[in-house]
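The values are calculated or read from the model by the stated rules, or taken from the named source; none is laboratory data. Just so you know, these numbers come straight off a predicted model, no measurement behind them. Because the Cβ atoms are built from the backbone with ideal geometry, glycine has one as well, and the counts that use them run over all protein chains shown. Just the protein is used for accessible areas: all its heavy atoms, side chains included, with ligands, DNA and RNA removed. Shrake-Rupley method; radii C 1.70, N 1.55, O 1.52, S 1.80 Å.
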Amino acid sequence: MFQQLISQRGQFDHYELAGQGLACIDDTEGIYFTVATNSSARDIVLLGISLKTLQRLHEVKLPFLQEGFVGVGQYCSFDPVTTDIIVEGRDTQVPHEHHLWKYNHKTGKIVSLTRVFNTGMVDLLGGFSVLDFDQGIDWLQLAFNDSGRIGDRFFGYDTDSGFLLNIINNPEYLATGRYDPQNQAIYGVGSRIIDKEPGFEHTLVEFSSSSAAFQVKSVLPFINYMGAICAFDIRRRLLYVFMSNTTHPGMQNGEFELAERYCLILKQRHGRLPSLCNKFLTAPPPPKLPSMDLVSINVDSGKVFAHPQLCEEFPLCPLSIEFWNRE
């Protein structure tokens with residue numbers, strides 16, 4: 001299948017996927033859905049790709065406003081109960097608001113679910129959404145601007161009526177999440193402040209929609225992780241995330257070296273650079289950015305199962321991972 005994917009990459013060359021957490025899978029039909037930008041038409045679209053043939057099955061224009069960073073503030077979830085794809089993005093008519101839509105790929109219908117709580121002009125880089133399909137709640141991690149105080153909260157919307165059911169704080173700084181129908185809970189990676197170096201630690205967190213309660217299951221032995229990107233193997237009970245223990249001086253010395261190295265990677269991969277990169281490229285080349293491991297965590301025991309290196313530097317990592325839980 002990997003060779004097939006490489007041979008058919010050309011058909012997706014005019015789509016941009018520069019955000020995180022934009023994909024979901026219809027496990028029954030074997031269709032990978034992702035929110036993307038058609039760079040030819042400059043439209044934001046929902047793509048449906050067959051996992052069996054790797055052919056494009058669906059392309060639906062979404063009524064979303066294009067952000068400065070492709071994909072930021074946009075989410076995608078699959079509801080196995082209704083077979084709807086639930087997508088969220090900034091509204092084209094009311095720029096200060098987001099909009100929740102439902103698309104059913106069997107009927108071809110896309111309908112408005114609700115306009116999302118006014119979050120101002122703030123979008124959350126690395127935010128995520130997760131659908132609890134037993135409770136029928138789609139949880140969206142959104143930023144808020146309260147008189148200059150910026151933070152994030154979870155907004156829980158009813159997937160049938162579009163009613164806002166709950167707004168909760170994020171005390172465990174959860175930044176990834178997948179729903180487990182066996183335990184009827186959401187699992188993801190969070191963070192908390194500690195008194196010893198490096199001043200924080202990452203944790204496996206369990207969240208219950210019915211009680212709106214968070215519980216720390218274990219402490220994870222890694223320093224860095226990529227938010228919004230995760231997958232869940234229901235049968236083997238494994239949550240997959242990108243984490244690492246490698247460090248980079250730019251993380252302590254500011255963002256300039258990070259941007260410099262990232263621009264160099266773009267030049268090597270694409271042979272050209274965005275104009276904003278010109279000021280970052282200097283000699284000698286900056287040090288490499290941290291690598292990332294594909295870490296699998298057993299959600300029942302909280303223990304790390306395996307962590308092979310996935311990408312040499314984190315900008316080379318995939319922007320999305322999904323596990324195909326075939327029936």
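Observations, loosely collected:
Okay, residues lined up against (1) of a type outside the set (Lys, Arg); (2) modelled with pLDDT of 95 or more; (3) in contact with a Leu (Cβ under 8 Å, 6 or more places away or on another chain); (4) in a strand (DSSP E or B):
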| residue | (1), (2), (3), (4) |
| --- | --- |
| Gln93 | yes, no, no, no |
| Asn118 | yes, no, no, no |
| Gly127 | yes, no, yes, no |
| Asp134 | yes, yes, no, no |
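- For Ala213, the criteria (1) surrounded by fewer than 21 Cβ atoms within 10 Å (Cβ to Cβ); (2) within 30 Å of Leu164 (Cβ to Cβ); (3) in contact with a Gly (Cβ under 7 Å, 6 or more places away or on another chain) hold in every case but one, which is (3).
- A single entry from Thr107, Thr114 fulfils the requirement of being at pLDDT 85 or above and either outside any strand (DSSP E or B) or of a type in the set (Asp, Glu) (or both): Thr107.
- For region 170-212, taking the residues that are touching a strand residue (DSSP E or B) at 6+ places or on another chain (Cβ under 6 Å) and of a type in the set (S, T, N, Q), the one that is nearest to Gly127 (Cα to Cα) is identified as Thr176.
Condition check ((1) open to solvent by 70 Å² or more (accessible area, probe 1.4 Å); (2) under 21 Å from Asp300 (Cβ atoms); (3) without any contact (Cβ under 8 Å) to a residue 12 or more places away in the chain; (4) more than 20 Å from the chain's Cα centre (by Cα)) across all residues:
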site: Thr159; (1), (2), (3), (4): no, no, no, no
site: Gln184; (1), (2), (3), (4): yes, yes, no, yes
site: Val205; (1), (2), (3), (4): no, yes, no, no
site: Ile223; (1), (2), (3), (4): no, no, no, no
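- Only one entry of Phe242, Phe200, Phe144 meets the criterion of being over 20 Å from the mean Cα position of the chain (by Cα) and not β-branched (Val, Ile, Thr), and that entry is Phe200.
- Test: Ala283 is surrounded by 20 or more Cβ atoms within 10 Å (Cβ to Cβ), of a type in the set (A, V, I, L, M) and either farther than 30 Å from Asp138 by Cα or modelled with pLDDT of 95 or more (or both): no
- Residues of region 225-240 that turn out to be surrounded by 20 or more Cβ atoms within 10 Å (Cβ to Cβ) and either at pLDDT below 95 or basic (Lys, Arg) (or both), as a count: 6
- Count of region 72-91 residues, restricted to those that are farther than 18 Å from Ile44 by Cβ, touching a strand residue (DSSP E or B) at 6+ places or on another chain (Cβ under 7 Å) and in a loop (DSSP other than H, G, I, E, B), is 1.
- When restricted to residues that are part of a strand (DSSP E or B) and small (Gly, Ala, Ser), region 163-195 contains 4.
- Scope region 17-44; condition surrounded by fewer than 18 Cβ atoms within 10 Å (Cβ to Cβ), closer than 24 Å to Leu113 by Cα and at pLDDT 90 or above; matching residues: Asp27, Thr28, Glu29
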